[in-house]
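What follows is a short report on a single structure.
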Amino acid sequence: MQTTRQLSVTLVNKPGRLASLLASLSKGKVGFRALSVMDTGERGTLRFVPDDLSAAIDVLDGASVRYDMTEVLLVEVPNQSGGFRNICERLANDHLNIDYAYCSFDPGRGRVSAVIKVNDLAKAQRVLGVNGSTSRRRPGRRPVHAR
């Protein structure tokens with residue numbers, strides 16, 4: 001698990017607007033670690049975690065595209081049933097609200113990562129710990145000892 005910066009762009013919901021912006025980012029050699037597009041009626045919101053933040057900002061600034069930058073969690077989701085649910089439950093158990101989340105699949109590595117926007121980033125980092133593993137014991141469980 002790590003924190004990273006996400007860029008958000010609001011686009012008029014018309015044919016070709018998203019494709020044009022993505023073409024500009026591609027021309028600037030900006031790749032994505034994660035990407036989400038959501039419809040909000042007359043406008044759409046593109047949220048993405050670029051592989052090169054400064055290159056993405058240069059492209060957006062060069063095209064006079066307004067954007068917001070937000071600190072988010074980038075959490076590797078365990079490849080098991082309920083993996084993402086477990087992350088959400090751990091955050092909820094510590095009274096952390098998930099404002100939004102979306103996932104990204106890396107076929108080269110066979111990994112799924114979740115981008116999560118929470119109401120308290122520092123607390124979420126403590127709860128999830130490194131690689132999403134928490135250092136605190138869960139109440140009511142005893143440690144397993146090897147014999």
Given the conditions (1) over 27 Å from K29 (Cα atoms); (2) modelled with pLDDT under 95, every one holds for I98 apart from (2)
Restricting to the range 1-59, count the residues that are over 19 Å from R111 (Cβ atoms) and free of Cβ contacts under 8 Å to residues at least 60 places away in the same chain. 40
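Tell me whether the range 120-130 contains one or more residues that are within 18 Å of Q2 (Cβ to Cβ), in a loop (DSSP other than H, G, I, E, B) and modelled with pLDDT of 55 or more. So that I can check it myself, show each step before the final result.
Initial filter on the range 120-130 (within 18 Å of Q2 (Cβ to Cβ)): 120-130.
Going one step further and asking which of them are in a loop (DSSP other than H, G, I, E, B), we end up with 120, 129.
Those left that are additionally modelled with pLDDT of 55 or more: 120, 129.
So far as the range 120-130 goes, yes, one or more of its residues are within 18 Å of Q2 (Cβ to Cβ), in a loop (DSSP other than H, G, I, E, B) and modelled with pLDDT of 55 or more.
Can you find even one residue in the range 47-66 that is among the charged types (D, E, K, R) and under 16 Å from V112 (Cβ atoms)? Please lay out each step first, then the result.
Quick first cut of the range 47-66, residues among the charged types (D, E, K, R) only: 47, 51-52, 58, 61, 66.
Within this subset, residues satisfying the condition of being under 16 Å from V112 (Cβ atoms) are none.
No; the residues of the range 47-66 include none that is among the charged types (D, E, K, R) and under 16 Å from V112 (Cβ atoms).
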Restricting attention to the range 105-126, does a residue exist that is of a type in the set (K, R), surrounded by 18 or more Cβ atoms within 10 Å (Cβ to Cβ) and in contact with a strand residue (DSSP E or B) (Cβ under 6 Å, 6 or more places away or on another chain)? yes
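Check the range 7-30 and report whether any residue there is under 21 Å from N97 (Cα atoms) and at pLDDT 95 or above.
Yes, the range 7-30 contains at least one residue that is under 21 Å from N97 (Cα atoms) and at pLDDT 95 or above.
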Out of V59, V49, report the one residue that is in the same structural domain as L18 (by TED's automatic domain parsing), surrounded by 14 or more Cβ atoms within 10 Å (Cβ to Cβ), modelled with pLDDT of 95 or more and farther than 15 Å from T4 by Cβ. V59
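Do the conditions hold for G28, that is, is it within 26 Å of G129 (Cβ to Cβ) and either of a type outside the set (S, T, Y) or surrounded by fewer than 14 Cβ atoms within 10 Å (Cβ to Cβ) (or both)?
no
Name the single residue, out of those in the range 94-104 being touching a residue at least 12 places away in the same chain (Cβ under 8 Å) and over 20 Å from L46 (Cβ atoms), that is surrounded by the most Cβ atoms within 10 Å (Cβ to Cβ). I'd like the intermediate steps shown before the answer.
Kept after step one, since they are touching a residue at least 12 places away in the same chain (Cβ under 8 Å), are these residues of the range 94-104: 94, 96-104.
Filter once more, keeping what is over 20 Å from L46 (Cβ atoms): 94, 96-97.
On the way: D94: 15, L96: 18, N97: 11.
The residue in question is L96.
The values are calculated or read from the model by the stated rules, or taken from the named source; none is laboratory data. Because the structure is a prediction, the values reported are computed rather than measured. No Cβ is skipped: glycine too gets one built from the backbone with ideal geometry, and neighbour counts run over all protein chains shown.
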